[in-house]
Structure formats: C-alpha cells, structure tokens
Amino acid sequence: SSAPVDYTPFRKPVLEIAGKVGKLIVNHATMENVDFKLTGRDGVFRFEPFRMGLYGGEVELNGTVDVRGAEPSSEAALNLAGVAAGPLIRDLTGKTAIEGTMAADVKVNTRGDAADEAKRHLNGTGSFVFTDGAIIGVDLAGMIRNVQAAFKGAAVSTERPKTDFTELAVPFQIKNGVVTTSDSRMQSPLLRLSARGDA
C-alpha cells in the first residue's frame, strides 16, 4: 500500500527484554550461547548487544530502529571473528562455495517503509576477510597448469576444482543502495588477484 504508515502505536511501549539461549538452530545454521537485550522507549528500539557463538567464532550485532519520525530509520553494526565459513555456508545453502576462517566488520544505515525504499537509502561501509581457505568450484592455478600440460602432452588434472588462498579480502562501501568495492584482493601461493566493481 502507498498509504502512509501510522507509527504512533510503536512510540508508546516501554520495553526491556533480555534473554540467553544455549543452542539455537535457524535455517539449519547452529548458534550457541546466544545473549541478547532489546530495549524500547519513545519509538526507539535498540538491540545492544546481540551476541552469539557461531561455528567456532563469535558474532556481535548492535542495532537501532527509530520510528519517531514519519518514516522509520535504522542502523546496525555487525562484527564477526573466527567463524568457519565452509560449514556455515553449507548449512545455510546446502552448498560449499568457500572455505576458510571468516571475519567481518559492517556498519549500515537506511530509512523507509518498504524494502525497495530501504534498499535505495542503504548506506554504510564494511569488509569481509577470509583466511587460509579456498574458493570451491574453480581452480585458477589448475587452469594454468592444465594449459601447460595440454601443450606438453601431459595428463590433465581431474581433481575437484578449488582455488586455495591465504587471504581473500573484500572491503566495500554502500551509497544509496549501490555497493562498490575498489580493492578486493586474493593472495595465494601461486596467484595475486585484485577486483573492483559495483552492484
């Protein structure tokens, strides 16, 4: 509906909710030692903090939703450290796309009632860093070796393709819904790659 939303009822509650959960499974992903606190007053609701253990690592989320104005605004800060990316992604999607230890530091804010409007007003910065892992499904070094082997008449590798890396870093900025990375990079024993672009 294009009719404006009346947020008056959301400005009245006074909330203070805290909880702890030993183990929680959401969409096949397992979280442990979940510790959260939600407060609300005068139309401002805060998650501070929302902490949990996740696949060998730690996650902390702090966020605010503000409905004091004509349209809601929100901001969030996410920090991940030491999370095993392979098992997490496999449990969430049923596929293994990347392996390694994941860290992240993301800060975003937006405003608007509908999802499309919130995407248009999304702004922030962040980075994802994977260490000592591999991209599954493509073997860049193997492609080079196979080309060389083909010219020499040697056997071509038939192993499951993957590209090992020591570090894969993806820093990014978000401005009005456009995500830009200018210095994504991957380092491996055989390759150094860099990428830039937007979405």
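The values are calculated or read from the model by the stated rules, or taken from the named source; none is laboratory data. Owing to the predicted nature of the structure, the values given are computational and were not obtained by experimental measurement. All Cβ positions, glycine included, derive from the backbone under ideal geometry; neighbour counts span all protein chains shown. Protein only, heavy atoms only, side chains kept; ligands, DNA and RNA dropped before computing areas. Shrake-Rupley method; radii C 1.70, N 1.55, O 1.52, S 1.80 Å.
Quick check: the angle from helix 140-152's long axis to the longest principal axis of the chain, C-alpha only, nearest 10 degrees? Tilt of helix 140-152: around 20 degrees. Shown here: the chain, whose C-alpha atoms stretch 76, 38, 27 Å along the first, second and third principal axes, sorted largest to smallest. For the chain, the residue among Q173, A84, Q187 whose Cα projects farthest onto the positive side of the dipole built from Cβ charges is Q187. Rolling a 1.4 Å probe across all protein chains gives D139 an accessible area of roughly 40 Å². Charged side chains reduced to their Cβ positions (Lys and Arg at +1, Asp and Glu at -1) give the chain a dipole of some 260 debye around its Cα centre.
If you wrap the Cα atoms of the range 10-79 in a convex hull and average its projected area over all directions, you get 5.2 nm². In percent, rounded to a whole number, the relative contact order of the range 1-148 is 15, using alpha-carbon pairs under 8 Å and six or more apart.
Solvent exposure of the chain amounts to 63 Å² per residue of accessible area, where only protein heavy atoms count and the probe is 1.4 Å. A simple packing score, the average count of other Cβ atoms within 10 Å per residue, orders the peptides 182-192, 19-29 as 182-192, 19-29, with the highest score first. If the cut-off is 26 Å between C-alpha atoms, which lysines fall inside it for K23, apart from same-chain ones fewer than 8 positions away? Partners found: K37, K95. Here the extension length gained between D42 and A18 equals 6.8 nm, from 0.36 nm per residue of separation less the Cα-Cα distance. Pairs of Cα atoms nearer than 8 Å and 6+ residues apart set the relative contact order; for the range 8-93 it is 23 percent. Surface composition of the chain: carbon and sulfur make up 56 percent of the accessible area, probe 1.4 Å.
Computed from point charges on the beta carbon alone (+1 for Lys and Arg, -1 for Asp and Glu), the dipole magnitude for the range 77-126 about its Cα centre is near 60 Debye. Phi-derived couplings, Karplus 6.51 cos²θ - 1.76 cosθ + 1.60 at θ = phi - 60°, listed residue by residue for the range 66-74: 10, 10, 6, x, 5, 9, x, 10, 8 Hz, with x used for Gly and Pro. Structure remark: mean-square fluctuation, Gaussian network model of the chain, C-alpha springs under 10 Å; the largest value among N33, N79, N109 belongs to N33.
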